[in-house]
Amino acid sequence: MSPANGNPAAIAIRNVSKRFGSFTAVDNVDISVPQGAFLVLVGPSGCGKSTLLRMLAGLETPSEGEMAFMGRIVSDGTRGLVADAGARDAGLVFQSYALWPHMTVAGNIEWPLKVAKWSKADRAARVDEVLGLLGIAALKERYPAEISGGQQQRVAIARTIGPKPNILLFDEPLSNLDAKLRIEMRSELMRIHRATGATSVYVTHDQVEAMTMASHVAVLNNGKVEQFGAPLELLENPRTTFVATFLGTPPANLIEVNKSGDGLVYDGLRLADASRAEAQDGVQLLYRAHDLMVGDVEGRPTISARFEEAAPIAGRTMVTAFSNGQRLTAMADGYFRAAIGDQISLSFVNGPSAVFAMSGERIS
Ligand SMILES: Nc1ncnc2c1ncn2[C@@H]1O[C@H](COP(=O)(O)OP(=O)(O)O)[C@@H](O)[C@H]1O
Ligand SMILES: [Mg+2]
């Protein structure tokens, strides 16, 4: 995705790998984003997100490949080159926001500006500006021990954006906050992103954060990029079962079916035309939760499943049930309740929205 106007990508990651001994933590990652992008690296724990971010921050050297910021090489695995943090013009925010305990909030925010040799007057003005941006002006003279965890995280973010870095790097910055504060801080970070215009890379294992915050998402699995694109593109057009089931709320259903005559059949029930499987005999069909409705729907394939759980969501109900050991997520209109173990009907009202080979690759 190099920009059409010929400007260099704000961040270009070219065929970057990172090995620890014989273990490959990041495997041939190749992605670029334009200036002002909000790139989210999302994937399960241990998939290589932090290692990739640490390479962007200059804290790790790639084993192979190179990284460029605004067309300037900052890391080159082949030559063992790593530009230091200052030369990168990048700021990093971690999950554990170690503030200096002996400095006030203002002192913490001012410190990197002193290091960058800003004048006293410019420092004072900038400290007030970022305090305002983060909504923590009232905490200016307090010490870290005198403010809450959520407030400390705001100070850490203020401290990072103070020197106006071109690039902001975040490693699960909200994971230590409670659920309500996390949602608030999500919007705050988006507001800060709009206000600063800094190209951002944000690491999270939370797919909801990825879907709500990202302009670009890279889904990582075992060190590899499974798919890279806009959030809706990945949701609507997943290339693998991993992406299809990792993204989306509620989780999507994957149903294994076999070719029988001209149909794809699950438990004796014809769900789709055999042509959707191309040359394969066994495939997996993707049904989003809203493609599977509780109850009998006229003219639609219906199965019986054992009720497990109901969760009300925005006036509808997300229902979990089992059929032949297969976990299914379906929706019901309004509020729905049943006793655990009850047999309920589920109808396939739409779809399948995608068909995958048993290997997980998209077929149609
Ligand atoms: N310094 C290191 N030495 C050896 N293995 C490492 C090192 N850093 C990370 N790893 C391994 O690399 C993999 C990816 O780690 P990490 O990037 O921290 O994953 P994530 O942030 O996605 O949870 C993990 O299996 C981790 O154990
Ligand atoms: Mg990590």
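Please give the FRET efficiency for ALA124 paired with ARG191, using the beta carbon to beta carbon distance and R0 = 35 Å, rounded to the nearest 0.05.
Details: r = 24 Å, r/R0 = 0.67.
It comes to 0.90.
Label-to-label distance, ASN237 versus ASN350, with points set 7 angstrom from Cα along the beta-carbon direction: 1.8 nm.
Compared with the alpha-carbon gap, the fully stretched path from MET103 to PHE23 is longer by 24.7 nm at 0.36 nm per residue. A cut-off of 5 Å between modelled amide H atoms, ignoring neighbours fewer than 5 places along the same chain, links LYS18 with ALA25, VAL26, ASP27, ASN28, SER63. From its DSSP helices (H runs of at least four residues, each -39,500 (n - 2.57)), the chain gives a residue-normalised ellipticity at 222 nm of -7000 deg cm²/dmol.
Greater than 19 Å separation of Cα atoms is the criterion. Which listed pairs, LYS18/LYS164; LYS120/LYS164; LYS117/LYS164; LYS120/LYS140, meet it? As for pairs spanning more than 19 Å Cα to Cα, those are LYS18/LYS164. Considering only C-alpha atoms, what is the centroid distance from segment 319-355 to segment 145-199, in Å? A separation of 39 Å, based on Cα centres. Mark the label point 7 Å from the Cα of ASN222 along Cα→Cβ and return the residues of segment 237-256 whose backbone N is within less than 15 Å of it. It comes to 240-243, nothing else. Whole-Hz Karplus values for segment 166-177 come out as 5, 10, 10, 10, 10, 10, 6, x, 9, 5, 8, 9 Hz, taken residue by residue from phi with 6.51 cos²θ - 1.76 cosθ + 1.60 and θ = phi - 60°; glycine and proline positions read x. Among HIS193, HIS290, sorting on how many other beta-carbon atoms sit within 10 Å of each Cβ, with the fewest leading, yields HIS290, HIS193.
What FRET efficiency would be calculated for the residue pair ARG142, GLN326, taking the C-beta separation as r and a Förster radius of 45 Å, to the nearest 0.05? Before the final figure, lay out the partial values.
Values: r = 54 Å, r/R0 = 1.21.
According to the calculation, E is roughly 0.25.
Paramagnetic label reach from THR249 (point 7 Å along Cα→Cβ; backbone nitrogen cut-off under 14 Å): within segment 38-53, no residues. The long axis of helix 179-196 is offset from the longest Cα principal axis of the chain by roughly 60 degrees.
Gyration tensor analysis over the Cα atoms of the chain returns equivalent ellipsoid semi-axes of 45, 26, 15 Å (largest first, whole Å).
Here each label is just a point 7 Å from Cα along the line to Cβ, and for LYS164 and ALA87 those points are 2.3 nm apart.
Could you tell me what a quarter of the Cα convex hull surface of segment 250-357 works out to, in nm² with one decimal place?
Working: hull surface 25.9 nm².
For segment 250-357, averaging the hull's shadow over all directions gives 6.5 nm².
With R₀ set to 45 Å, the beta-carbon distance separating ASP342 from ALA279 gives a calculated FRET efficiency near 0.65. Panel order for GLU184, GLU298, GLU64, by other beta carbons found within 10 Å of each beta carbon, from fewest to most: GLU298, GLU184, GLU64. For the chain, the longest principal axis of the C-alpha atoms and the axis of helix 105-115 are separated by about 70°.
Please rank TRP100, TRP111, fewest neighbouring Cβ atoms within 10 Å first, as an exposure proxy.
Numbers: TRP100 12, TRP111 16.
Listing TRP100, TRP111 from fewest to most nearby Cβ atoms yields TRP100, TRP111.
Only the coordinates and a few stated rules stand behind these numbers; no lab work does. Values in this document were obtained by computation on a predicted structure and should not be read as measured data. We place every Cβ from the backbone using ideal geometry, glycine too, and count neighbours over all the protein chains shown.
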